[in-house]
Amino acid sequence: MTRGNSTAKAAGIVTVVVAALLGSAYALGRSLVPDQVPGLSTGATTSADGPHYADQPSGGEPSGTPGASTGPAETGQDGSAPEASTDNLFGAHATSGSPRLALTFDDGPDPRYTPQVLALLREYDVHATFCVVGENAQNHPDLIQAIVNEGHTLCNHSWHHDVGLGARSADAIRSDLLRTNAAIRAAVPNAPIVWYRQPGGAWTYPVVSVARQLGMTPLHWSVDPSDWELPGAGKITATVLTQAEPGSVVLLHDAGGNRQGTVDALRRILPDLTARFELEALPTDPT
Ligand SMILES: [Zn+2]
């Protein structure tokens, strides 16, 4: 099991105890994602550590559900499916569609980590894609503005990181996605939002259909270092650099727990990736 290891590492590397506890709870909660009942995933709690979603419970035993704990390199919170499989993507894009590599950052914005990510991207003159959660966009409009002003692409990641959203009615899905876009556009009027990433990668036909009806292309990924499991910057770095290839869409997280490991990994990843690939923000006018 990786959970004990990740918890121990989290406790060892962070200096703020509460941050470590919440980060571990986040990772633990992620492991339970496949067991979540959609109707239970609407409650919100907030704390000094930022929002934690109902699909990220604060306790409980790890699930034995297949796909939940078979290893960070194969599955993850945004990886309910093995990354090599495209059977349950319902047509969601798993590559950039070009030789260029696309970095994507999920679950933010977060005032602790998003500015660090933006600064590193600026340093290496790299543009990326940010899959933002509606309530976080509402709470941090300045960060949404910074993301857009610095030339990055926005992606809708649902209002409340609802992993079960795809099981809801089309009307409920539409309402959630529109609410999220409205929060983004409250920060940046007329912001192009042409991508949607389903939390947990839990794609369904209805969620793909509604996203497309609203002018958003479903976006999955092809490289997943499971950074949300807090494997450490070294492991995140190694996974990304080993698996990256032309057209890769790399899944990283700038929010949802302690993401310093991801930030530290990014600092190591960018010199290598920029030497080997052309990096891009996903286009805001996909065809
Ligand atoms: Zn996510």
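Tabulated data for the structure shown
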read-out	value
Check: the stretch 174-287 dipole with +1 on Lys, Arg Cβ and -1 on Asp, Glu Cβ, in debye	320 debye
Separation in nanometres of the label points that stand 7 Å from Cα toward Cβ, at residue 267 and residue 88	3.7 nm
Residue-normalised accessible area of the stretch 109-167, given per residue in Å² at a 1.4 Å probe	32 Å²
Calculated from backbone phi, Karplus (6.51, -1.76, 1.60) coupling profile of the stretch 240-255 in Hz, x at Gly/Pro	5, 5, 6, 8, 5, 8, x, x, 4, 10, 9, 9, 9, 10, 10, 6
Total charge dipole magnitude, the stretch 156-199, about the Cα centre, Cβ charges on Lys, Arg, Asp, Glu only, Debye to nearest 20	80 debye
Anisotropy class of the stretch 84-127 from Cα gyration tensor, a/c 1.5 cut	oblate
Environment charge at residue 101 (Cβ cut-off 13 Å; Lys +1, Arg +1, Asp -1, Glu -1)	-2
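The values are calculated or read from the model by the stated rules, or taken from the named source; none is laboratory data. The shown structure was predicted, so the numbers you read here are calculated from the model rather than taken from an experiment. Cβ: placed from backbone, ideal geometry, glycine included. Neighbour counts: every protein chain shown. SASA here: full protein model, heavy atoms, side chains in, ligands and nucleic acids out. Shrake-Rupley method; radii C 1.70, N 1.55, O 1.52, S 1.80 Å.
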